[in-house]
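One structure is given here, and the rest of the page talks about it.
The values are calculated or read from the model by the stated rules, or taken from the named source; none is laboratory data. Remember, it's a predicted structure, so these values are computed and weren't measured experimentally. Here the Cβ is made from the backbone with ideal geometry for all residues, glycine too, and neighbour counts use every protein chain on show. These accessible areas exclude ligands, DNA and RNA; they are computed on the full protein's heavy atoms, side chains included. Shrake-Rupley method; radii C 1.70, N 1.55, O 1.52, S 1.80 Å.
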Amino acid sequence: MYRFLLTRRWVAFALFVALLAGVCIWLGFWQFGRLDQRLARNDVARANLAAAPVAVAEVATADSDQSEQNEWIQVEVTGTYDTAGQVVVKYQTREAGPGVEVVTPLRTADGTAVLVDRGWMPSANTTNATLDIPEPPTGEVTVVGSWRANDHVPLHATQPDDGQVRAISTLGMAPALDYPLYEGGYLALEEQDPAATGLTLPDGPELGQGPHFFYGLQWWFFAALALVGFGWFAWTEAHPRGPRKAGHARPGQRSVPAARAAAERATSVRATSQAPDRPAVDREHRPGDVRGGR
């Protein structure tokens, strides 16, 4: 009954379904792996947030992996803001709408600066939008902020262009300044003395699981759907419903047109065999000619 599964068409179909199901299963495992990574980062963030503030030199590093491990450690630093080196990060949309982040270098006593994301302000998402950026406090300022690793984007996106960038990274900002920067990341402002005004402070970490768990289940569902669908198509092929078409009769069973033709032939033969025998008539002599000959 299922010998058709060995035909070339069904073998190719089975291989395609197996490949599709395998890819979906792999994508499911990949999403669950992403979930494990997300939970591990959340644990690091919680531990770092609970730690006491440290000096910026303890977290700043050119090692990108280590800088990410240091994310959300609170840093306390004292210095002076340099508004001449200030940039805005474009296209930073929040619930309130489109806007920009304001990033200002804070120069410490030894001349080395750390980038500080002072906060967000609403703005049109256009390059030439006019901005009235609140000024930072003048003179010496003490800042407490969370360490954030450099954004992993192409270098050109972090190089200032008319005071604007698309992401924050010391790799793009350092060449534009006349003084050295602490490497590897920047500070997301939390507290400041004198107090900061006019900007919405940067967001804290997102400690949720994200969509990875449900994405993983979704990929596994697609894999199961592909396998069940193959089984259903095979079953319907082996158990067709309704009248069969010509050429699709079961072994030993005639198709409908063939049976009909056989019945018509049998009827014709039967009618011929039942006709009475009659003498042949000589079409050259009429009945009168025969009587006259008597």
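Quick notes
- Normalised by the number of residues in the range 46-101, the mean separation of alpha-carbon contacts (under 8 Å, six or more apart) gives a relative contact order of 29 percent.
- Scaled against the 2.2 N^0.38 Å expected of a compact globular protein of N residues, the Cα radius of gyration of the range 74-174 reads 1.06.
- Protein accessible area in the range 68-201, 1.4 Å probe - carbon and sulfur %: 46
- When nucleic acids and ligands are ignored and a 1.4 Å probe is applied, ARG46 ends up with an accessible area of around 120 Å².
- Rg/Rh ratio calculated on Cα atoms of the range 99-153 (Kirkwood radius): 1.00
- Dimensions of the range 132-174 based on its C-alpha atoms, expressed as ranges along the principal axes with the largest first, amount to 34, 26, 17 Å.
- Computed magnitude of the charge dipole of the range 78-209 (debye, nearest 20; Cβ of K, R +1, Cβ of D, E -1): 280
- Share of alpha-carbon pairs per 10 Å distance bin for the range 1-151, given as whole %: 9, 24, 24, 16, 9, 8, 6, 3, 1
- Using only alpha-carbon positions in the range 175-224, the gyration tensor eigenvalues give semi-axes of 41, 19, 8 Å once each is multiplied by 5 and square-rooted (largest first).
- The range 59-89 and the range 145-167: distance between their alpha carbon centers, rounded to Å: 12
- Heavy-atom accessible surface of TRP30, to the nearest 10 Å², is about 110 Å², with a 1.4 Å probe and all protein chains retained.
- Solvent exposure ordering (accessible area, 1.4 Å, most first) of SER169, SER64: SER64, SER169
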